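First the structure, in the form of structure tokens, and then the observations on it.
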Ligand code: IMP
């Protein structure tokens with residue numbers, strides 16, 4: 001029998017709690033596989049009261065005897081990855097076997113410099129609010145076919161050749177356009193060779209390993225980073241990241257055909273947040289938004305930036321259901337809504353005075369979208385100890401059921417706190 005393949009995606013603007021959902025489901029999974037993005041992600045997992053933040057490593061690293069894969073679709077900052085790995089090793093927590101695709105691209109020092117320089121150059125009103133991790137420039141090189149792949153780090157000649165070409169060009173950009181110091185070839189080359197030596201034991205054929213696991217009947221989980229509305233094609237372009245966080249990105253970013261996927265689990269925060277610039281129709285810049293930020297500890301796991309906060313947006317969520325083929329919802333942070341007397345939920349938009357039920361394509365219409373709210377009754381009870389759906393207060397259950405009806409997708413997992421055990425599984 002073939003193994004079960006599930007994809008975990010962010011259904012909003014990232015930071016939905018994918019790491020904690022992956023961790024909560026981990027006992028059923030044999031292979032955890034990250035498929036896109038890079039160290040811009042920050043996946044938080046809390047186990048036995050201890051907090052771990054993974055930027056590049058898959059969130060399954062804490063599970064013993066599992067395989068954790070970093071796929072070809074990821075852009076890898078080796079320094080960050082090696083630091084993360086070292087930290088886990090020092091604590092004796094690097095329990096899974098790590099496999100890194102040789103075809104994954106490397107975030108080089110010039111990508112990070114270019115990311116910051118380009119963001120500064122954009123000026124007011126044009127900034128994207130990137131994480132400064134070099135993600136955009138690394139993907140640009142990938143698609144313009146000059147990028148350095150992990151396998152190049154293991155081959156001095158190939159590395160030298162690619163680096164000579166790249167550094168000539170990047171140094172021109174850095175010095176002539178952005179007024180930055182050029183990077184010395186020898187320093188970058190030596191550093192990259194060292195990275196290659198350190199990464200070599202982990203490099204493998206990610207696609208083959210996943211396929212073998214599927215053929216052997218083992219459970220495989222594709223782990224997305226960021227979220228649907230940050231997708232380079234389907235998000236609020238140009239205020240997006242440079243990869244494909246949607247579920248289909250999992251197949252491309254790991255080398256697995258779409259027919260292998262059994263289930264797409266969309267992680268949905270019970271309200272909405274966004275970091276960086278761009279449209280956010282249900283943003284609440286008032287007192288309630290501040291309350292959500294403080295109660296939900298909504299500060300970026302990667303950059304520490306305060307997240308913009310607002311209400312659940314069903315227009316955007318139905319769109320996420322469509323573009324991902326979502327078949328299941330994991331609803332996180334329901335506990336954060338406790339004590340709100342009534343909870344606004346956006347059921348439609350008004351754009352240029354007209355009702356709009358679909359998420360608009362095009363940032364200009366997205367900026368203009370005004371939310372139409374329905375108000376659901378809140379609850380006062382503490383949810384953090386609830387282990388079963390039926391134990392939730394009636395209004396909290398109604399909130400969950402309202403989402404299911406509005407999206408036509410079951411809510412199979414509910415997060416009522418950050419810990420692994422604060423998870424309600426429902427018909428999973
Ligand atoms: P970049 O991915 O660093 O290029 O940033 C592009 C946009 O995506 C910015 O608005 C970032 O704040 C946002 N972004 C990138 N990664 C994450 C994430 O993991 N969570 C939430 N937002 C993210």
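Consider residue 323 carefully, then state whether it is surrounded by 15 or more Cβ atoms within 10 Å (Cβ to Cβ), at pLDDT 95 or above, in a loop (DSSP other than H, G, I, E, B) and touching a helix residue (DSSP H, G or I) at 6+ places or on another chain (Cβ under 8 Å).
Judged against the criteria, residue 323 is not a match.
Take residue 283 and tell me if it is touching a strand residue (DSSP E or B) at 6+ places or on another chain (Cβ under 7 Å), at negative phi and within 12 Å of the ligand (Cβ to nearest atom).
Numbers: touching a strand residue (DSSP E or B) at 6+ places or on another chain (Cβ under 7 Å): yes; at negative phi: yes; within 12 Å of the ligand (Cβ to nearest atom): no.
When the stated conditions are applied, residue 283 does not pass them.
Can you name every residue in region 83-98 that is out of contact with any helix residue (DSSP H, G or I) (no Cβ under 8 Å at 6 or more places or on another chain) and more than 14 Å from residue 32 (Cβ to Cβ)?
Matches in region 83-98: 83, 84, 85, 86, 87, 89, 90, 91, 92.
Could you tell me which residue of region 326-347 is nearest to the chain's Cα centre (by Cα), considering only residues that are surrounded by fewer than 18 Cβ atoms within 10 Å (Cβ to Cβ) and farther than 24 Å from residue 20 by Cα?
347
For region 43-64, which residues satisfy the criterion of being part of a loop (DSSP other than H, G, I, E, B), modelled with pLDDT of 90 or more and in contact with a strand residue (DSSP E or B) (Cβ under 8 Å, 6 or more places away or on another chain)? I'd like the intermediate steps shown before the answer.
If we filter region 43-64 for residues that are part of a loop (DSSP other than H, G, I, E, B), which is where we start, we get 48-49, 55-58, 63-64.
The next check asks that each one be modelled with pLDDT of 90 or more; those that pass are 55-58, 63-64.
Hits for region 43-64 are 55, 56, 57, 58, 63.
Could you grab the pairs with beta carbons closer than 9 Å, sequence gap of 6+ or different chains, first residue in region 377-405 and outside the structural domain of residue 339 (by the TED database), second one buried (at least 17 other Cβ atoms within 10 Å of the Cβ) and in a strand (DSSP E or B)?
The qualifying pairs do not exist here.
Does region 70-89 include one or more residues that are more than 16 Å from the ligand (Cβ to nearest atom), assigned to a helix (DSSP H, G or I), closer than 18 Å to residue 225 by Cβ and in the same structural domain as residue 172 (by the TED database)?
No, region 70-89 contains no residue that is more than 16 Å from the ligand (Cβ to nearest atom), assigned to a helix (DSSP H, G or I), closer than 18 Å to residue 225 by Cβ and in the same structural domain as residue 172 (by the TED database).
With within 16 Å of the ligand (Cβ to nearest atom), assigned by the TED database to the domain that holds residue 80 and over 23 Å from residue 386 (Cβ atoms) as the only criterion, which of 276, 249 stands out?
Residue meeting the stated conditions: 249.
Among the residues of region 138-161, which ones are in a helix (DSSP H, G or I), in contact (Cβ under 8 Å) with a residue 12 or more places away in the chain and over 20 Å from residue 198 (Cα atoms)?
138, 139, 140, 141, 142
Against the conditions (1) in contact with a strand residue (DSSP E or B) (Cβ under 9 Å, 6 or more places away or on another chain); (2) free of Cβ contacts under 8 Å to residues at least 40 places away in the same chain; (3) over 23 Å from residue 135 (Cα atoms), where does residue 21 fall short? Just the number, please.
It fails just one condition, (2).
The values are calculated or read from the model by the stated rules, or taken from the named source; none is laboratory data. Please read all numbers here as calculations on a predicted model, not as lab measurements. Glycine also receives a Cβ, built like all others from the backbone with ideal geometry; neighbour counts cover every protein chain displayed.
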